[in-house]
1. Quick one: which residues, 5 or more positions from residue 56 or on another chain, have an amide H under 5 Å from its amide H? H modelled 1.01 Å from N in the peptide plane, none for Pro or chain starts.
2. Ordered by residue, what ³J(HN,Hα) values in Hz, to whole numbers, does region 52-65 give under the Karplus form 6.51 cos²θ - 1.76 cosθ + 1.60, where θ = phi - 60° and Gly and Pro are x?
3. Stretched out fully, how many nm does the piece from residue 55 to residue 33 gain, at 0.36 nm a residue minus the Cα gap?
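Bear in mind these aren't lab numbers, they're just calculated from the coordinates by the rules spelled out. Note that this is a predicted model, so its numbers are computed, not measured.
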Amino acid sequence: MQPDSRALVTSDNENIKNKMEFELRDEYITLAQLLKACDVVYSGGQAKEYLASMEVFVNGVNENRRGKKI
């Protein structure tokens, strides 16, 4: 993605439905950093657990790798 691009991140399960839009100002951000920046989790360990237990979609694609560059 180019700087100043947008990423759409959604999480959907029976208890939580979230939709977040995040504007990137750098070349990329990892999924774990994005989840922390949006106050979904507070650490990389929590991001790993969150991604293991939730379906997370990045730009419509199911993603569970916390190091995924966005």
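1. 63
2. Calculated HN-Hα couplings, in order: 6, 9, 10, 8, 10, 10, 10, 6, x, 10, 5, 9, 10, 8 Hz.
3. 6.2 nm
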